[in-house]
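I have a structure I would like to understand better, so I am pasting it below and will then ask my questions one at a time.
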Amino acid sequence: DGIRVIIVTGVQTCALPISWQIEIEGASILAQRARELWPSTAGALCQFLGGSTTPNNPNPAGVSHVRVLVQQDLDLAQVLEFNSRQLAGEAEAWLRVTTGPLSRGYVSPVILKRGRPCLECLLRHFRRLSPAPQLYDALERPGEPAQFVPGEPAEPLARIVLEIAGWKLRQLGQAPAAASQFALHVVEAETLETALHPVWLDPTCPGCGDG
């Protein structure tokens, strides 16, 4: 269907400035709303992100990959699997976009392999702040049945988080890098107020630290 233009399976890629290619993973209501906001063809998507298509050479040598996980649920096991795969794989940058909590949307920092916090660092930070950290135990177990029924995000919330993610992707082709590119963006669904929060490297993180 039309979502396949921007959602894996059968990854569509495009070259961003400074030889970046984007690959977006996920299948969700948020992804369906992304189809309304983002261009409906691979070529137009590349133009939206400030790059150009490479139809005859979709994976040229020397290209850096950026991957985006788009979620509309609370499947944290998928987040950890995605994060581990990127740490072990060829992606140079990745991020997560979600409206899973429904009351707010999140756009993670752009994650880089070179000495910056990963998505597992971010989840560990959330766990420490949560009044019910045991919920994270349930949501992070792979293969567990869904603990919460996902609901459809409000359209304004979906639009804003996808616009923020698109801005962060475009910044990959800019120098110097914007500090907010590496911050967590939190958008409140009721008021659409957007806040930025720094995310710190967790030295005990099992994913990227010494844990």
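Since every read-out is calculated from the coordinates, none of them should be taken as a lab result. None of the values given here were measured: they were computed from a predicted structure. Neighbour counts run over all protein chains shown; Cβ positions are idealised from the backbone, glycine included.
What does the net charge come to around PRO117 if you take all other residues with beta carbon closer than 13 Å to its beta carbon, with K and R at +1 and D and E at -1?
So the environment of PRO117 carries a net charge of +3.
Once amide H atoms are placed 1.01 Å from N in the peptide plane, what residues at a sequence separation of 5 or more from GLN71, or on another chain, have their amide H within under 5 Å of its amide H?
VAL97, THR98, THR99
Using 1/(1 + (r/R0)^6) with R0 = 22 angstrom and r between the beta carbons of ASP137 and ARG114, what's the FRET efficiency to the nearest 0.05?
Once the sixth-power term is evaluated, E becomes 0.10.
Rounded to whole Hz and in sequence order, give me ³J(HN,Hα) for the range 116-130 from the Karplus expression 6.51 cos²θ - 1.76 cosθ + 1.60, θ = phi - 60°, writing x for Gly and Pro.
After applying 6.51 cos²θ - 1.76 cosθ + 1.60, I find 10, x, 9, 5, 5, 4, 5, 5, 5, 5, 4, 4, 5, 8, 6 Hz.
Report the full-extension gain for the segment THR191 to SER103: residue separation times 0.36 nm, less the Cα-Cα distance, to one decimal in nm.
Once the chain is fully extended between THR191 and SER103, it gains 30.7 nm.
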